[in-house]
Amino acid sequence: MSSGDPATDLQSTNVAGVEMEVRPSLLGEDAGKGLFVLQAVPAGQVLCEYRGKLLCTAEAMRLEDKSYLMRVGPQEYIDAREDIEVLARFINDCRNPAVHNVRFEKRPGEGRALVVAARPIRAGEELFVDYGKWYWASLRPNRISVKQAAEILKALEEIEPQADEQE
Ligand SMILES: C[S@@+](CC[C@H](N)C(=O)[O-])C[C@H]1O[C@@H](n2cnc3c(N)ncnc32)[C@H](O)[C@@H]1O
């Protein structure tokens, strides 16, 4: 059933075989929506792709809203602002390297970046990527709370064998 909100209607969209859902971010109301996985995902798994309108540097720099802008390579930018069907555009940055769980693998010349699991991800986790310090140069990001980060990291210990246990 449609909720009337196109972004919410992306719930349970299956991309690359992984069930994901767009819903309000754990980072708080002003961070908008976030992307969550509904199933456990192993490290290295490709989850989805960042795609959008392709722009050269001059076009990208002229954009008023750079919120959804990604530099993929020289003279190659992706603006996913209007591409609300692109799930990757909903991935937020929790500003805590210990909690980042995906990375963007840029594909210069192909106009896309793959979203790859940087570590095992539990069902229900919000996806977080490092946007890089330049993205935040003129903005003030919310950080994931210490309590939430501790819960995520504790749960990860249960699925990620410690190095000394692997021998
Ligand atoms: C690529 S969009 C991510 C999806 C966005 N949350 C949405 O609802 O469409 C990037 C924008 O998300 C928000 N955002 C991401 N991480 C955030 C954070 N740590 N604190 C506050 N806002 C954040 C900011 O508005 C940022 O410009």
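The values are calculated or read from the model by the stated rules, or taken from the named source; none is laboratory data. Everything numeric here is computed off the predicted structure, so don't read it as measured data. Glycine also receives a Cβ, built like all others from the backbone with ideal geometry; neighbour counts cover every protein chain displayed. With ligands, DNA and RNA removed, areas are computed over all heavy atoms of the protein, side chains included. Shrake-Rupley method; radii C 1.70, N 1.55, O 1.52, S 1.80 Å.
Within 20 Å of Arg23 (Cα to Cα) and aromatic (Phe, Trp, Tyr) - does that describe any residue in the stretch 118-132? Yes, the stretch 118-132 contains a residue that is within 20 Å of Arg23 (Cα to Cα) and aromatic (Phe, Trp, Tyr).
The residue of the stretch 98-113 that is surrounded by the fewest Cβ atoms within 10 Å (Cβ to Cβ), among those that are within 13 Å of the ligand (Cβ to nearest atom) and closer than 18 Å to Pro141 by Cβ, is His100. Out of all the residues in the stretch 135-155, is one or more more than 14 Å from the ligand (Cβ to nearest atom), open to solvent by less than 20 Å² (accessible area, probe 1.4 Å) and in contact with a Lys or Arg (Cβ under 7 Å, 6 or more places away or on another chain)? There is at least one residue in the stretch 135-155 that is more than 14 Å from the ligand (Cβ to nearest atom), open to solvent by less than 20 Å² (accessible area, probe 1.4 Å) and in contact with a Lys or Arg (Cβ under 7 Å, 6 or more places away or on another chain). Exactly one residue among Tyr50, Tyr77 is more than 18 Å from Glu19 (Cβ to Cβ) and touching a Leu at 6+ places or on another chain (Cβ under 6 Å), and that residue is Tyr77. Checking the stretch 111-120 against the condition returns a match, with at least one residue being of a type in the set (Gly, Ala, Ser) and not in a loop (DSSP other than H, G, I, E, B).
When the criteria are applied in full, Val129 meets the requirement of being under 16 Å from Phe90 (Cβ atoms) and either buried (at least 16 other Cβ atoms within 10 Å of the Cβ) or without any contact (Cβ under 8 Å) to a residue 12 or more places away in the chain (or both).
Counting only strands (runs of 3 or more DSSP E) that sit wholly inside the stretch 16-95, those with at least 2 residues that are more than 19 Å from Phe128 (Cα to Cα) and more than 11 Å from the ligand (Cβ to nearest atom) are 53-55, 76-79.
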